[in-house]
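J.: I'd like to ask you about the structure that follows.
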Protein chains: 2
Amino acid sequence: MQIYGDEQSGNCLKVQYTADHLGLPYTWHPVDIMKNESRTAAFLRVNPHGQVPVIKLDDGRTLAQSNAIIRYLARDTQLLPTDAFEQAKVDEWLFWEQYSHEPCVAVCRFQMRYEHKPKGDREQWRVERGERALDTLEQHLNGNQWLAADAFSVADIALLAYTRLAHEGGFEMVTRPGVQRWIRACETELGLTGVQEK
Amino acid sequence: MQIYGDEQSGNCLKVQYTADHLGLPYTWHPVDIMKNESRTAAFLRVNPHGQVPVIKLDDGRTLAQSNAIIRYLARDTQLLPTDAFEQAKVDEWLFWEQYSHEPCVAVCRFQMRYEHKPKGDREQWRVERGERALDTLEQHLNGNQWLAADAFSVADIALLAYTRLAHEGGFEMVTRPGVQRWIRACETELGLTGVQEK
């Protein structure tokens, strides 16, 4: 399997985390978004929409959208429950991540870290929605070890990617002990070194 | 099954379309978003996040997120392919819909239709991303009958909901014959009367 991704992008790291955790063999092709490498003719032949991450299977078929990819890689493994309703509860978090978390938490991080915007220049609606998303996580993780299915799953991997980088987008994590506990637990599962706010 | 939804919301209509197409019995509980009925104490007991659509199964378990719901309802039916990779290609469209289509096409429609914003007052970035999303659909549907798996699937239902209402958000469909043909085909599958731009 070929994985095309940018290691600065949480969406791409989700795929790396999942493949590594499952011990899947792959070749990582670095695509630097900031250098517009996702818009080159060569890359557009892999994904005409010019987005990373994307995977290419050995038979040449390609799949885009981070959460579609990790759900596919996780099929028939301990990262995705077998019960249909429990799978749907994982999906509920995956769709929530793309609609209510990523466009706020990840975009604020992008603006501060890569566009060098001061914290005060973030768009107010994104900040408010991002804070709300992190509150939703805190509320759930205060009473639950994992996001879904009482086990570490692709729902945790999808939400971990940008939540552990949220401080780079100006979001404070010190007031969210449930989320911090869960980040450390996910990092232990994935064998990651902590990068979160001190 | 109980479905809580607002018939003005494409996200809720996806669930109605899917349940009706599959002949699933349900009770529809109307929740008027504009009257803040998704924020009442009674509704927050069903979905603490105050979002529609949400379904409640006969055993009391609940599921939110439109695309998670329709994917769950469609399991083991002709609306979701059985092959794992073909399922993943359906998921690719479902996640794309929530990230790249709904926040632009549906939000512009909401602003014009319900907040009575003039077309010229829509946010420029939403208009541009919405046009690009509709172009992506046109490009695909020019050469393909359906979005995924060479068959009518929940990917089509998810994208149909707001695409057939896109003209209410100021998007022109006359220049997109592939999308128009596909909208009519989906409406035929679902037994819907056309509402699209004349």
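The values are calculated or read from the model by the stated rules, or taken from the named source; none is laboratory data. Because the structure is a prediction, the values reported are computed rather than measured. Glycine gets a Cβ as well: all are built from the backbone with ideal geometry, and neighbour counts include every protein chain shown. Note: accessible area is taken over every heavy atom of the protein model, side chains too, but ligands, DNA and RNA are not part of it. Shrake-Rupley method; radii C 1.70, N 1.55, O 1.52, S 1.80 Å.
J.: Tell me, which residue of segment A:52-65 that is facing chain B (nearest Cβ under 8 Å) and buried (at least 18 other Cβ atoms within 10 Å of the Cβ) is nearest to A:Ala133 (Cα to Cα)?
T.: Applying the filter and picking the extreme gives A:Gln65.
J.: Considering each residue of segment A:152-170, count those that are open to solvent by less than 10 Å² (accessible area, probe 1.4 Å) and in a helix (DSSP H, G or I), and give that number.
T.: 11
J.: In segment A:177-186, what residues are open to solvent by 10 Å² or more (accessible area, probe 1.4 Å) and closer than 13 Å to A:Leu159 by Cβ?
T.: A:Ala185
J.: From the list A:Gln87, A:Gln98, pick out the single residue that is part of a helix (DSSP H, G or I) and touching a Pro at 6+ places or on another chain (Cβ under 6 Å).
T.: Answer to the selection: A:Gln87.
J.: Just for helices (runs of 4 or more DSSP H) wholly inside segment B:1-79: which have at least 1 residues that are without any contact (Cβ under 8 Å) to a residue 12 or more places away in the chain and closer than 17 Å to B:Ser153 by Cα?
T.: B:66-73
J.: Looking at segment B:102-111, is at least one residue open to solvent by 10 Å² or more (accessible area, probe 1.4 Å), touching a Lys or Arg at 6+ places or on another chain (Cβ under 9 Å), more than 12 Å from chain A (Cβ to nearest Cβ) and not in a helix (DSSP H, G or I)?
T.: For segment B:102-111, residues open to solvent by 10 Å² or more (accessible area, probe 1.4 Å), touching a Lys or Arg at 6+ places or on another chain (Cβ under 9 Å), more than 12 Å from chain A (Cβ to nearest Cβ) and not in a helix (DSSP H, G or I): absent.
J.: If A:Met173 satisfies every condition in (1) free of Cβ contacts under 8 Å to residues at least 40 places away in the same chain; (2) open to solvent by 10 Å² or more (accessible area, probe 1.4 Å); (3) at negative phi but one, which is the exception?
T.: Among (1) free of Cβ contacts under 8 Å to residues at least 40 places away in the same chain; (2) open to solvent by 10 Å² or more (accessible area, probe 1.4 Å); (3) at negative phi, the lone unmet condition for A:Met173 is (2).
J.: Among the residues of segment A:117-128, are any assigned to a helix (DSSP H, G or I), open to solvent by 20 Å² or more (accessible area, probe 1.4 Å) and within 11 Å of another protein chain (Cβ to nearest Cβ)?
T.: yes
J.: Any idea which of A:Ala68, A:Ala88 is surrounded by 16 or more Cβ atoms within 10 Å (Cβ to Cβ), under 16 Å from B:Tyr99 (Cβ atoms) and within 9 Å of chain B (Cβ to nearest Cβ)?
T.: Checking each option against the conditions leaves just A:Ala68.
J.: Further, regarding this structure: Out of all the residues in segment A:140-151, which are open to solvent by 80 Å² or more (accessible area, probe 1.4 Å) and either without any contact (Cβ under 8 Å) to a residue 24 or more places away in the chain or in a loop (DSSP other than H, G, I, E, B) (or both)?
T.: Answer for segment A:140-151, where residues must be open to solvent by 80 Å² or more (accessible area, probe 1.4 Å) and either without any contact (Cβ under 8 Å) to a residue 24 or more places away in the chain or in a loop (DSSP other than H, G, I, E, B) (or both): A:Gln145, A:Asp150.
J.: Out of everything in segment B:72-85 that is over 18 Å from the mean Cα position of the chain (by Cα) and more than 7 Å from chain A (Cβ to nearest Cβ), what residue ends up being least open to solvent (accessible area, probe 1.4 Å)?
T.: Taking the candidates together, the pick is B:Pro81.
J.: In segment B:21-55, how many are modelled with pLDDT of 95 or more and at positive phi?
T.: 1
Here's the yes/no breakdown for (1) among the basic types (Lys, Arg); (2) closer than 17 Å to B:Gln87 by Cβ:
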site	(1), (2)
A:Arg39	yes, no
A:Pro48	no, no
A:Ile70	no, yes
A:Pro81	no, yes
A:Glu86	no, yes
A:Gln98	no, no
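J.: While we're on this one: Might you let me know whether segment B:138-159 holds any residue that is among the aromatic types (Phe, Trp, Tyr) and within 14 Å of chain A (Cβ to nearest Cβ)?
T.: There is no residue in segment B:138-159 that is among the aromatic types (Phe, Trp, Tyr) and within 14 Å of chain A (Cβ to nearest Cβ).
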